[in-house]
1. About its Cα centre, what dipole magnitude does the stretch 23-161 give when the only charges are +1 on Lys and Arg Cβ and -1 on Asp and Glu Cβ, stated in debye to the nearest 20?
2. Obtain the nm distance between the two label points defined at Thr98 and Ile46 by a simple spin-label model: each point lies 7 Å from its Cα along the Cα-to-C-beta direction.
3. Going by average Cβ density within 10 Å per residue, which order do the peptides 44-54, 97-107 take, highest to lowest?
4. Take each of the peptides 133-139, 30-36, average the number of other beta-carbon atoms within 10 Å over its residues, and list them starting from the highest.
Amino acid sequence: MTATAMPGYVPYLIAATVGFSIYRRIRSHFGRQPWRPKRTIARVVILSLFLVPLALLAVVRPTENWGIGVGAALGIGLGLLALRLMRFDTTGGQPGYTPNPWIGAALTGLLVGRMAWRFVSGGFTTPQTSSPLTLAIAATVLTFYVVQGLGLMQRMKRMTAAPGAVVTP
């Protein structure tokens, strides 16, 4: 079997896709967001599926498990803090929430910064083992969004059960 060369436009296509994903993620941290329960459930399920192999990796590779443990603990703490700082309301009969922009944007910046560093240092082109720092950042981001999503579902369920009520943390 012979190896074929990758077309020249593929790196640009990948960069554009990653850039658009990051733009959407950052945009979702600012301003009022409408409550979309199916999207939140899907996000929690998908991110939880990514957490399972990460947890298994912590068991299999003890030299890197501290990074995953610290990252998961930090993600849980930041997720709970973000829920306390989130505002919930109903506008025009549509429930929604306004997330704290600084926590999510900081995590996105940390993730983008780590990816940029790996890209500049050749981390995506040469085979390398994963570092505890990379795994810590991944665990932080994943657990943050899972905790925030679960808390969001719980709060919005309470809010829609009592229409017109303002939900406080």
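Just so it is clear, none of the values below were taken in a lab; they were calculated from the coordinates. Treat the numbers as computed from the prediction; the structure is a model and nothing was measured. Cβ atoms come from the backbone with ideal geometry, glycine included; neighbour counts cover every protein chain shown.
1. 540 debye
2. My value for the distance between the label points is 2.8 nm.
3. 97-107, 44-54
4. Top of the packing list down: 133-139, 30-36.
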